[in-house]
Amino acid sequence: MIEKTVAELSAAMTSGDISSVELTQSYLDRIHKANDSLNAFITVCDDTALEQARVADKSRAQGNQNPLLGIPLAHKDIFCTTGIKTTCGSKMLHNFISPYNATVVDKFNQAGVVTLGKTNMDEFAMGSSNETSFFGPVRNPWDLEKVPGGSSGGSAAAVAADLCAMATGTDTGGSIRQPAAFCGVTGFKPSYGRVSRWGMIAFASSLDQAGPICKSAEDAALMMNVMAGIDLKDSTSADREVEDYTATLSDSVKGLRIGIPKQHFTEGLSADVEKSIREALREYEAAGAILKEINLPNSHLSVPAYYVVAPAEASANLSRFDGVRYGHRCDNPLDLEDMYKRSRSEGFGDEVKRRILIGTYALSAGFYDAYYRKAQKIRRLIKNDFDEAFKEVDVIAGPTSPHTAFGIGAKTDPVTMYLEDIYTIAVNLAGLPGISIPAGFSNDLPIGLHIVGPDFGESKVLNAAHQFQLFTDWHKAKPAAKGGI
Amino acid sequence: MEWETVIGLEVHVTLATKSKLFSGSAVAFGAEPNTQANIFDIALPGTLPVFNEEALRMAVKFGLAIDAEIGKRSVFDRKNYFYPDLPKGYQVTQLDFPTVGKGSLTVTLDDGSERTIGVTRAHIEENAGKSLHEDFSGMSGIDLNRAGEPLLEIVSEPEIYTAKEAVAYLKKLHTIILYLGISDAIMAQGSMRCDVNVSLRPKGSDVLGTRTEMKNINSFKFVEKAIYSEVERQKDILEDGGSITQETRRYDADRDETSSMRSKEVANDYRYFPEPDLLPIVIDDDYIEQVRATLPELPDAKRARFCDQFGLSEYDAGVLTSTREMAEYFESVATKTGDAKVAANWVSGDLQALLNKNNLNITDSPIKAERLTDLISRIKDKTISGKIAKTVFEAMADDSSSVDEIIESKGLKQVTDSGEIEKLVDDVINNNPDQVQQFKDGKEQVIGFLVGQAMQLSKGKANPGQVNQLLRDKMK
C-alpha cells in the first residue's frame, strides 16, 4: 500500500480498505527500517503522527471528504512547526523549536494530513546534493552511493523509497526539481508568490518557493490545492484566485505547443539524458502535441546571475542567526564580537559561509553596480526571453538536470556543483512554475523531464505532466533497493 | 580668517501609528521590556514583514505639509549591520526611493526675518531596539519593544548657517508635526531625535568642509549649545592649521563639550539592497489627493488668517498658532465672544501664565474655552469688571463650577443698584472733604481718586461708571 499515490490512498481509505492509522503505522515501520541507510529524516514523530491518524479516521467516519485527510506526509525541515524541531539542516538551529507554524504547515494540518516528521536537506537549502546538511548526507534510494540531489534531497528520497506518501520541498534554484529528477519522483515548483513563504526559513527571498514532492502530477495538483493561495502574512504572495489544479488534468495535449530551448540540448548534456528526453518529447508528439524549437538567448547567464542574487539575499537573511535570541551560541563568549564570530563560525557549515561571503562581497560598496545591479538586469533579460517564448508556445520542456545522480563526494569544486542547476535556475529568476517528472533511466538511475509554464500557468504544467504520466509508466518505477533498503 | 558654519539636520520622529511598521505589535511608550515584541520583531526564522499603511499616510501628510515631491513608488531597502538590538541584522529603510522627496519650510527668526530651508527628503524606516548596559553585571540587556517602530527621518539640506536657525527649523518642524498629528514628537521620550551635522568653511567658499555628526541630541536647547561648542572646537583646530576628522561625536550637556564617540571611525559599509520581502509601494494622484483632503490648516496659513480675520499682530498670531490646540482654543473664544483682542489677551496672557505655572498643555487646561468665553461675556455685559474678572479667573483654575456660579458664590457681582451706590458715594464725600473741595475748585483729576475710594469700599464690585456719574452729580 505504501507505494501508492495520494489519489489511490485516498480512495482506499474512503472505501475502507485501509485506515489512516494502519497506513501511518506502515510508513513509520518503513521509516524505522530504511532511514538508517537513507538518512532522509531528521526528526520522526511516531506518537503525534498516530494521534493525527486517529483523528483523521474519526473525521472521515464523520463524513470529512478532504482528499488529503489522513495521508501521511513529511515536511522539509525548513518549514517551521510547533512542537517539532526545525533545524534547516544546520547546527545553528539543531535544537530550535518554533513557537509558530508555517502557513504551508497550517494548511496541511487543516486538510487533516498526518505529519510523519521532518526531512533532511542541504544546510539552509544551500546545495544540490544534500551533502551540506549538518545531519549528514541523504542517500539516493536508487543507489546508496549516489546523492539524492538537493536541497530537498530528504523529501525526494523519502517519497522515492516510500517513507511517506508525499512531502513538501522548497526550490530556490532547482531544489525541488533536481532531487525529484535524481530520485525518480514528481517535484513541482509553483510560480513565485503562489505559495506563502511565511514560516519557511528564508534562503533567497525573491527566489524561494515551496512546492510538492510526490509520486504523480495528479498528487502534485492535490497538494497544490491545499498549499496555494494568498497569505496576508507574506507581502509577496500573489493576490490571484487559486484554481482547482485537478480540474484540467485530463485535458488532452492535442495541439499543445511545446517549446524546446535549443540552449538546453548543447554540450554538457549527457547523451543518455538527451536520448530519454528526446524520446519523451516524441511521446508528446505522438499524442498530438506540437514541438517547436525556441531560443532562450540569455540562459547561459542564469547561473552567474543567480550566484550573485541568491547569496546577496542570503547574506542578509542569515544575519539574524547571531546567537543573541535563539539558535547556537558559542560557549563563554569574551565579548559581543567574540560571541558573533564564534557562534556563527561554529553554527554554519562551509557552504553557507561561502555563500554569505559571496553575497557580502557582491553587495559591498564599489561592487554593487558590477554585481548585484548587473545580475538584476540579467534577471530581467531572462524573464523577457521567457515572455517572448511564451508568445509562441504553451509550455517549455527539456531535461531537469544535465545528468543522473552523481556519487557522494564526487563533486568537490563549488562551481561544478553550482552548474548542477543550469536548466532550473532561470525558472526561479523568472518566477515561473516548473515541474520535474520521471522520464527514463540511465544505468538504473532516473532521468527527469522538466516542463515550465508561463506566470501562474500551474494548471497547464500539471496538465501536461499528468498526460505524460497517463501514456508512460516511468513514474511508477521503484528503486531496485540496491544496498538492501 | 572668517568662517561660515554649515549645519545639516537629520530629525527622526516616531510616527504615531497604532502598531509597528511591519508587525502587529503595539507601540505604547514605557511598557515592560520585551512585552511588545512578537515573533517578527524578535526576527524568528521564517517571519516576514507586512507594511503598515498608516505610516505611509502619515509620511505623505508630512510631505504635503512641506510642499514636497511625493514618491509615487517608494522602495524599501535593507541596511545591513550587526548589533544586538537589531534583531534581523538589517534595518529596513528607504535609500533611493523615499516616500517624501524635496520640500522646504520657512522659519521666522528672532529679528522677525524669514528664511526658507530646504528639506532634502524624508523616508520611512524602522527603529532599532534598546540596549541596556546597566544592571546586568557584565552583560547587556536588550529591550525590543521599540524595535520596528515606524520612524520618519527628515533630512535637511546643508543650508542652515547658525545655531539659532537650526533651532528655529527644529521648532517649526515640531509645530508642523504636532499640527499634523503624525507624532507626539516628545524629545525627552525620544519620539523626536536630532542628529546635527556641522562643518566650517572659509566665508565666501562654496565647498563644504569636513563635517562631524552629533547624534541623538534630545532638546532644542542642547542642539543650540552643541552647535556653539562644536563650532568653537572646529574653529580652534582649523585656525591652528589642523584638519577636521569626519566622525560621530557625542555632546555632553553637563560639560558643554563634544567628544569623539568611536575611537576608530570605520566607514561602515551597510551593503544596502532592495528588501525582497516587500513589494515597492505604489501610490497614485487619487491617493495623494485623499491624504491632502485630511490636512489640517497649517501654522503659516493659520497665522496669516488670524492676522487677517481677527486683526491680530503678527506676533500675537504667531504665539496663538504655536500649537494647533491653542489656536483652536483661541479661535473658539474669539468667535463666540466676538472680541478677538480681548480673547487674544486672555489666552496669551493669563491662561498661558496659568498653564506655564502648572506645567500643563492647553488640552489639559482647567479652564476650557467655553468657560473663558463665559467669563469674557460677563465682562462685556458688565456683570463684572475687568479687574474682578481676574479674581474670577483665578477661582476658576481650582473650581470647575460655572462662571456664573463662581461670581455668585463669591459675591463678586458688580453693584449697579443705585441705592447702594448712592450710599457709597455719600460715604466717600463725607470722608474726603478736602478732595471734594478741590474738585469743586476745578481740579478735575481728583475724580479719579474719589472713584477709587468708592471702588475700594465696594471691594471692586461697584460699577465704576455709575460711581463716577453719581459723584459728579452730588458735587455740583
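Any read-out appearing in this document is the output of simple, stated calculations on the displayed coordinates, not a laboratory observation. This structure is a prediction, so every number in the text was calculated from the model and none was measured. Because the Cβ atoms are built from the backbone with ideal geometry, glycine has one as well, and the counts that use them run over all protein chains shown.
List of remarks:
- Shape of the stretch A:219-302, Cα gyration tensor, a/c cut at 1.5: oblate
- Among the GluC sites (Glu not before Pro) found in the stretch A:340-421, those both in a DSSP coil and sparsely packed, with 12 or fewer other Cβ atoms within 10 Å of their Cβ, are A:GLU392.
- For chain A, the share of alpha carbon pairs falling in successive 10 Å distance bins from zero is 4, 22, 33, 27, 11, 2, 0, 0 percent.
- Per-residue mean of foreign Cβ neighbours for A:193-200 is 2 (Cβ atoms of other chains, 10 Å radius).
- Rg(Cα) / (2.2 N^0.38 Å) computed for the protein assembly as shown, rounded to two decimals: 1.29
- Averaged over peptide A:372-378, the number of partner chain Cβ atoms lying within 10 Å of each residue's Cβ comes to 1.
- For the stretch B:176-189, 3J(HN,Hα) computed residue by residue from phi via the Karplus equation (6.51, -1.76, 1.60; θ = phi - 60°) reads 5, 4, 5, 4, 6, x, 8, 6, 7, 6, 9, 4, 5, 9 Hz, glycine and proline entered as x.
- At q = 0.26 Å⁻¹, base-10 log of I(q)/I(0) for the stretch B:265-318 (Debye sum, equal scatterers on each alpha carbon): -0.97
- Distance cut-off 17 Å, percentage of C-alpha pairs in the stretch B:297-409 lying past it: 51
- Loop-located trypsin sites (Lys or Arg not before Pro) in the stretch A:380-485 whose Cβ has at most 11 other Cβ within 10 Å (DSSP): A:LYS391
- When all alpha carbon pairs of the stretch B:3-288 are counted in 10 Å bins from zero, the resulting P(r) reads 6, 26, 34, 24, 8, 1 %.
- Centroid-to-centroid separation of the stretch B:239-261 and the stretch A:243-275 [C-alpha atoms, Å]: 68
- In this structure, the amide hydrogen of B:ASP339, modeled 1.01 Å from its nitrogen in the peptide plane, lies closer than 5 angstrom to no residue at least 5 positions away or on a different chain.
- For A:THR43, the residues whose modelled amide H falls within less than 5 Å of its own, excluding neighbours fewer than 5 places apart on the same chain, are A:LYS118.
- Only alpha carbons enter this Debye calculation for the stretch B:73-165, each as an equal point scatterer, and the log10 of I(q)/I(0) it gives at q = 0.15, 0.19, 0.25 Å⁻¹ is -0.75, -0.90, -1.16.
- ³J(HN,Hα), Karplus 6.51/-1.76/1.60, whole Hz, each residue of the stretch B:378-395, x for Gly, Pro: 5, 6, 5, 8, 6, 5, 10, 8, x, 6, 4, 4, 4, 5, 4, 4, 4, 5
- Peptide B:36-46 has a mean shielding of 6, counted as Cβ atoms of other protein chains within 10 Å of each residue's Cβ.
- Pairs spanning more than 25 Å between alpha-carbon atoms, out of A:LYS33/A:LYS107; B:LYS357/B:LYS387; A:LYS383/A:LYS411; A:LYS76/A:LYS262; B:LYS102/B:LYS164: A:LYS33/A:LYS107; A:LYS383/A:LYS411; A:LYS76/A:LYS262.
- For the stretch B:3-288, the relative contact order comes to 24 percent (Cα pairs under 8 Å, sequence separation of at least 6).
- Rounded to whole numbers, the Karplus 3J(HN,Hα) couplings from phi for the stretch A:138-145 are 8, 9, 7, x, 7, 6, 5, 8 Hz, using 6.51 cos²θ - 1.76 cosθ + 1.60 with θ = phi - 60°, and x at Gly and Pro.
- Most to least packed among B:302-315, B:92-105, A:116-129 [average Cβ atoms within 10 Å]: A:116-129, B:92-105, B:302-315
- For the stretch A:315-417, the Kirkwood radius over C-alpha pairs fed into Stokes-Einstein at 37 °C and 0.692 mPa s yields D = 185 µm² per second.
- Close lysine pairs were tallied over the stretch B:187-342: pairs 8 or more places apart or on different chains with Cα atoms under 27 Å apart number 14.
- Residues with amide H under 5 Å from that of B:GLY148, placed H, sequence gap 5 or more: B:ASN127, B:ALA128
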